[in-house]
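The values are calculated or read from the model by the stated rules, or taken from the named source; none is laboratory data. Everything quoted here is computed from the prediction, not taken from an experiment. Virtual Cβ from ideal backbone geometry, glycine too; neighbours counted across all protein chains shown. Only protein heavy atoms, including side chains, enter the accessible area calculation; ligands, DNA and RNA are left aside. Shrake-Rupley method; radii C 1.70, N 1.55, O 1.52, S 1.80 Å.
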Amino acid sequence: MNSEVKENCVMSQENVDAGERLKSEANEYFKKQNYNAAIELYSKAIEANPTVAIYYGNRSFAYLKTECFGYALADASKAIELDKSYVKGFYRRAAAHMSLGKFKEALKDYEYVTKVRPNDKDAKTKYTECNKIVKKLAFEKAISVEDTKKNIASTINLDAMTIENEYTGPELEDGKVTLQFMKELMELYKNQGKLHRKYAYKILLDVKAYFMKQPSLIDVEIGSENKFTVCGDIHGQFYDLMNIFSLNGLPSETNPYLFNGDFVDRGSFSVECIFTLFGFKLLFPDYFFMSRGNHESATMNQMYGFDGEVKAKYTAQMAELFTEVYNWLPLAHCLNKRVLVMHGGLFTRDDVTLGEIGKIDRNRQPPEDGPMCELLWSDPQPQNGRAPSKRGVGCQFGPDVTKKFLELNKLDYIIRSHEVKNNGYEVAHDGKCITVFSAPNYCDTMGNQGAFITLKGKDMEPKFTTYEAVAHPNVKPMAYAHSLLSLMC
Amino acid sequence: MSDEPVMATNDDASECKRGAVQLGYWQDNYIPYFVRQIEKRAPEINRGYYARVKGVERFIKTFLKKAGSSSQIVNLGAGFDTLYWRLKDQGVYMSNYVEIDFPTVTARKCYAIKRNKQLLERIHEQDGEVKLSATDLHAGNYHCIGADLRNISQLEMKLQQAEVSFANPTLFIAECVLVYIENDCVNRLLGWIASKFKSALFVNYEMCNMNDTFGDVMLGNLRARGCTLAGISFCKNLETQKSRFISNNWQGAKAWDMVQIYYDLPAAERQRIEKIEFLDEQELLIQLFQHYCICVGWLGTEFADISCNGGD
């Protein structure tokens with residue numbers, strides 16, 4: 001994209017003219033908000049005549065519009081390098097810095113503009129605003145204790161995102177998810193296509209808004225003749241998720257599902273999985289449920305691949321938005337007041353009630369201890385009593401702990417996930433603690449089966465369906481840094 | 001059947017090692033000269049390589065202690081291993097150090113050495129000359145030679161060029177090498193070494209316990225990458241690993257799986273590296289550890305009492 005500036009070269013009139021023509025053409029596309037086309041033409045203009053600061057300045061502006069802040073910054077800097085008197089260059093660089101959160105740097109450039117153009121009111125305004133932000137950040141840093149809550153969602157400007165003519169993927173109808181959209185989306189994903197970021201962001205914003213209104217414990221009612229399906233960890237194994245739907249039917253009002261956390265990380269298709277699940281959530285909000293897993297957290301996502309995958313397929317900003325959305329995922333579901341479902345397990349304290357779970361202030365990263373942590377991290381153990389978790393977080397709880405908890409809360413049994421099982425599921429604690437794990441051949445390595453649970457409202461008896469892994473495309477090895485296919489060889 | 005996929009395992013291993021070094025699992029100032037930085041690997045990979053490198057290192061230290069300055073090291077399928085430079089840095093003196101790999105691989109290694117002063121300096125200290133061909137490099141007591149381990153006569157000739165002494169105590173190192181070679185070639189290689197060397201220790205890091213689901217999946221994954229594991233039958237369990245030496249006239253053999261090797265490493269060190277990356281669960285790592293082993297074989301009596309908690 002970046003052409004080398006040939007120093008001291010003499011431009012032919014032809015090239016000069018061509019450059020100007022291309023720039024005008026590009027400007028037209030820019031006015032119509034077709035930024036990608038504008039970028040292409042500015043690039044051609046630069047090829048024809050790499051000495052014009054304005055071409056870089058304008059391309060920088062187009063990059064800002066398409067959120068390519070790194071490129072925007074590079075172009076703005078180039079524009080300034082070519083012509084220090086081109087004041088807009090400083091503006092563009094300041095804007096790029098602002099978008100990258102580098103407010104101090106932005107302030108420097110705004111300051112320069114106000115010095116060079118002392119009568120420019122706009123420059124003065126921008127400088128003042130930026131200065132306010134810098135001061136505010138410094139103040140916040142000085143008084144901050146922990147967890148300063150950013151609100152990325154409020155900074156997303158969907159209107160500024162345009163759909164290029166070349167995009168052939170599914171489109172939201174009036175900003176809403178339909179069954180048609182979901183079918184097209186799954187087809188797109190099977191063929192390794194990408195959902196346009198405008199719709200991706202829309203789904204995230206809508207699903208965040210939805211989850212924000214939910215309590216931390218969701219009560220689910222299942223009619224006596226109705227079926228309900230509970231799935232465990234998916235871990236980015238999109239093709240196995242599609243297999244679940246082909247075995248058990250697509251989600252619908254008559255075929256409700258609960259996915260019990262760990263939708264992403266480890267597998268190579270986490271993005272596809274999460275948008276499929278969030279899409280169904282928006283389509284059937286009262287018949288499709290999602291519970292938070294320990295992998296719906298920032299540290300896990302950074303280490304086990306999801307963060308890398310989102311940044312590769314979309315942007316860092318979207319990765320941050322995911323963190324915000326995950327913070328609002330409910331922590332547990334209670335089915336027909338008889339079966340409690342959570343990702344990890346039970347607690348270090350004996351007296352935890354459903355009421356307490358429902359009131360957990362969950363809009364945060366999972367803490368290192370306490371009920372919210374334990375819901376996401378604990379594991380059952382065969383022997384009575386409790387023990388520190390072999391994972392180092394949460395606890396291990398025995399059959400007596402499960403029994404007491406169920407009695408206290410008038411429940412029949414719990415369903416949880418979190419641990420890979422050879423047969424995809426395991427019944428423990430005398431039938432009172434069931435593990436279901438839905439990612440077969442976990443990490444392309446373990447050779448395990450996956451499983452899901454179906455039950456009928458009237459008896460709530462769990463039935464297990466197990467299945468083997470299905471084939472998936474081999475993405476570039478180590479694409480998102482989590483594949484164990486490299487092993488040790 | 002192409003050897004390319006097997007050669008590519010060197011790239012994989014080297015990249016993984018560099019990644020782990022980058023995160024602080026162990027120190028290796030030289031690996032960046034050979035291998036570019038790659039995206040982060042899963043934490044299990046980093047811990048697995050830590051155990052591999054440190055496990056093999058213990059046996060190297062034990063060998064050097066016993067063998068002293070007349071010691072000789074022959075690194076089979078060495079790839080981009082940096083052991084020579086690291087030992088030099090530690091002031092360890094050996095009479096001879098020989099690395100062997102496919103000529104395609106050694107060519108790249110020699111090229112990297114030629115281009116980087118820091119690597120050249122360490123091998124070129126005395127005013128001896130550096131003999132360089134496209135695939136081979138001889139400098140002082142360091143030799144990097146391109147050869148096919150399946151071709152014993154070629155190997156013998158190349159080792160003679162490297163001034164290998166059959167009388168000196170010799171350490172043979174192989175990290176996931178023999179498994180890619182047909183059984184009769186391996187038997188010939190080990191038999192030949194046994195016939196020539198008086199006192200030797202062979203340290204073999206490799207797969208083992210392959211007769212289960214995890215093993216099946218691992219084999220499938222490796223085969224899908226074009227790595228036909230011709231020598232896999234020796235990787236069935238620790239017994240078959242040892243038998244490979246015994247049946248080829250080695251005096252004795254011992255083997256440990258990586259669970260044993262890892263947990264025999266100093267507790268303080270294990271605690272240090274376990275803090276570098278948090279493992280959300282242990283299942284995968286334990287499975288990996290159970291399916292790899294270090295097997296040692298010896299010739300002569302000097303190394304017969306070797307154990308996996310070697311002196312530090």
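Sorted by mean Cβ packing within 10 Å, highest first, what order do the peptides A:351-362, A:192-203 take?
Those peptides, ordered most packed to least, come out A:192-203, A:351-362.
Please calculate how many Å² of accessible area the range B:166-312 carries per residue, with a 1.4 Å probe and no DNA, RNA or ligand atoms counted.
Per residue, the range B:166-312 has an accessible area of 37 Å².
Can you tell me what share of the DSSP beta bridges in the range A:332-478 is antiparallel? A percent to the nearest 5 is fine.
65 percent
How large is ³J(HN,Hα), in whole Hz, for each residue of the range B:227-241 in order, when computed from phi with the Karplus curve 6.51 cos²θ - 1.76 cosθ + 1.60 and θ = phi - 60°, using x for Gly and Pro?
Karplus values, whole Hz, x for Gly and Pro: 8, 7, 8, 4, x, 5, 5, 6, 9, 4, 7, 5, 5, 5, 4.
Can you give me the long-range amide H partners of B:Phe172? Hydrogens built in the peptide plane at 1.01 Å from N, cutoff under 5 Å, separation of 5 or more residues or another chain.
Here the answer is B:Val74, B:Leu201, B:Phe202, B:Val203, since their amide H atoms fall under 5 Å of that of B:Phe172.
Taking the 0 to 90 degree range and rounding to the nearest ten, how far is the long axis of helix A:316-327 tilted relative to the main principal axis of chain A, both from C-alpha atoms?
30 degrees
May I ask you to work out the translational diffusion coefficient for the range B:38-117 at 25 °C, viscosity 0.890 mPa s, via Stokes-Einstein with Rh from the Kirkwood sum over Cα pairs, reported in whole µm²/s?
The estimated diffusion coefficient comes to 170 µm²/s.
Indicate, rounded to the nearest 5 percent, the antiparallel portion of the DSSP beta bridges found entirely in the range A:394-475.
75 percent
Expressed as a rounded percentage, what relative contact order does the range B:223-302 have, with Cα pairs under 8 Å and six or more residues apart?
Relative contact order here is 41 percent.
Apply the Karplus curve 6.51 cos²θ - 1.76 cosθ + 1.60, θ = phi - 60°, to the phi angles in the range B:45-54 and return the couplings in whole Hz, x for Gly and Pro.
The phi angles translate into 5, 5, 5, x, 5, 4, 4, 4, 5, 6 Hz.
Which whole-number percent of Cα pairs in the range B:1-85 have a distance greater than 23 Å?
Pairs farther apart than 23 Å: 28 percent.
Would you work out if the range A:1-118 is rounded, prolate or oblate? Take a ≥ b ≥ c from the square roots of the eigenvalues of the alpha-carbon gyration tensor; rounded if a/c is under 1.5, else prolate when a/b is larger than b/c, oblate otherwise.
Oblate, because a/c is 1.5 or more while a/b does not exceed b/c.
Restricting attention to the range B:236-302, which chymotrypsin sites (Phe, Trp or Tyr not before Pro) occupy a DSSP loop and are surrounded by at most 16 other Cβ atoms within 10 Å?
Sites meeting the loop and neighbour criteria: B:Phe278.
Determine the share of the protein assembly as shown's accessible area contributed by carbon and sulfur atoms, expressed in whole percent, with a 1.4 angstrom probe.
Of all accessible area on the protein assembly as shown, carbon and sulfur atoms account for 50 percent.
Run the Debye formula on the Cα coordinates of the range B:140-185, all scatterers equal and no solvent, and tell me log10 I(q)/I(0) at q = 0.25, 0.30, 0.31 1/Å.
After summing over all Cα pairs, the log10 values are -1.16, -1.28, -1.28.
Under the definition of Cα pairs under 8 Å and six or more residues apart, what whole-number percent is the relative contact order of chain A?
11 percent
Tilt of helix A:53-65 relative to the longest C-alpha principal axis of chain A, in degrees (0 to 90, nearest 10)?
Long axis of A:53-65 versus the principal axis of chain A: about 20 degrees.
By its C-alpha gyration tensor, with a ≥ b ≥ c as the square roots of the eigenvalues, how is the range B:130-247 shaped: rounded for a/c under 1.5, else prolate for a/b larger than b/c, else oblate?
It comes out prolate by the Cα gyration axes.
In the range B:210-312, what trypsin sites (Lys or Arg not before Pro) fall in a loop by DSSP, with at most 11 other Cβ atoms inside 10 Å?
Those satisfying the criteria are B:Lys275.
Kindly tabulate the residues in the range A:381-400 with an accessible-area decrease of at least 10 Å² between the chain alone and the assembly of all protein chains, using a probe of 1.4 Å.
Relative to the lone chain, where solvent access is computed with a 1.4 Å probe, the range A:381-400 loses at least 10 Å² at A:Lys390, A:Arg391, A:Val393.
GluC sites (Glu not before Pro) within the range B:168-226: which are DSSP loop residues with at most 13 other Cβ atoms inside 10 Å?
For GluC sites (Glu not before Pro) across the range B:168-226 that sit outside H, G, I, E and B with at most 13 neighbouring Cβ atoms in 10 Å, the list reads B:Glu182.
Which order do you get for B:Val130, A:Val207 if you rank them by accessible area with a 1.4 Å probe, largest at the top?
Largest accessible area first, the residues go B:Val130, A:Val207.
Using the alpha-carbon atoms, what tilt in degrees (0 to 90, nearest 10) does helix A:270-283 show relative to the longest principal axis of chain A?
70 degrees
Give me the percent of DSSP beta bridges within the protein assembly as shown that run antiparallel, rounded to the nearest 5.
About 50 percent, rounded to the nearest 5.
Tell me, what ³J(HN,Hα) does each residue in the range A:32-46 have, in order and in whole Hz, if you take phi through Karplus 6.51 cos²θ - 1.76 cosθ + 1.60 with θ = phi - 60° and put x for Gly and Pro?
Values per residue, Gly and Pro as x: 7, 6, 8, 5, 5, 5, 4, 4, 4, 6, 4, 4, 5, 4, 5 Hz.
For the range B:1-135, what does the accessible surface come to per residue with a 1.4 Å probe? Please give it in Å².
Using a 1.4 Å probe on heavy atoms only, each residue of the range B:1-135 averages 41 Å².
If you count, for every residue in B:273-284, the Cβ atoms of partner chains within 10 Å of its Cβ, what is the mean?
The shielding value for this peptide is 4.
How many Å² of accessible area per residue for chain A, probe 1.4 Å?
With all protein chains present, chain A gives 44 Å² per residue.
In Å² (nearest 100), what accessible area is buried between B and A, both sides summed, heavy protein atoms only, 1.4 Å probe?
2900 Å²
Out of residues 5 or more away from A:Tyr413 or on other chains, whose amide H comes under 5 Å of its own, with H placed 1.01 Å from N in the peptide plane?
Amide H neighbours of A:Tyr413: A:Leu340.
Mind ranking B:Trp26, B:Trp85 by accessible surface for me, highest first, 1.4 Å probe?
Result of the area sort, largest leading: B:Trp26, B:Trp85.
On average over all directions, what projected area in square nanometres does the range A:318-469 have, based on the convex hull of its Cα atoms?
That works out to 9.8 nm².
Assign one of three labels to the range A:208-293, namely rounded, prolate or oblate, based on the Cα gyration tensor with a ≥ b ≥ c the square roots of its eigenvalues; rounded applies when a/c is under 1.5, prolate when it is not and a/b is larger than b/c, and oblate otherwise.
Since a/c reaches 1.5 but b/c is at least a/b, the shape of the range A:208-293 is classed as oblate.
What is the Cα coordinate range of the range A:289-350 on the first, second and third principal axes, sorted by size from largest, in whole angstrom?
Taking the Cα atoms of the range A:289-350, the three principal extents are 42, 24, 14 Å.
Distances longer than 33 Å among the Cα atoms of the protein assembly as shown: what percent of all pairs is that?
Tail of P(r) above 33 Å: 62 percent of Cα pairs.
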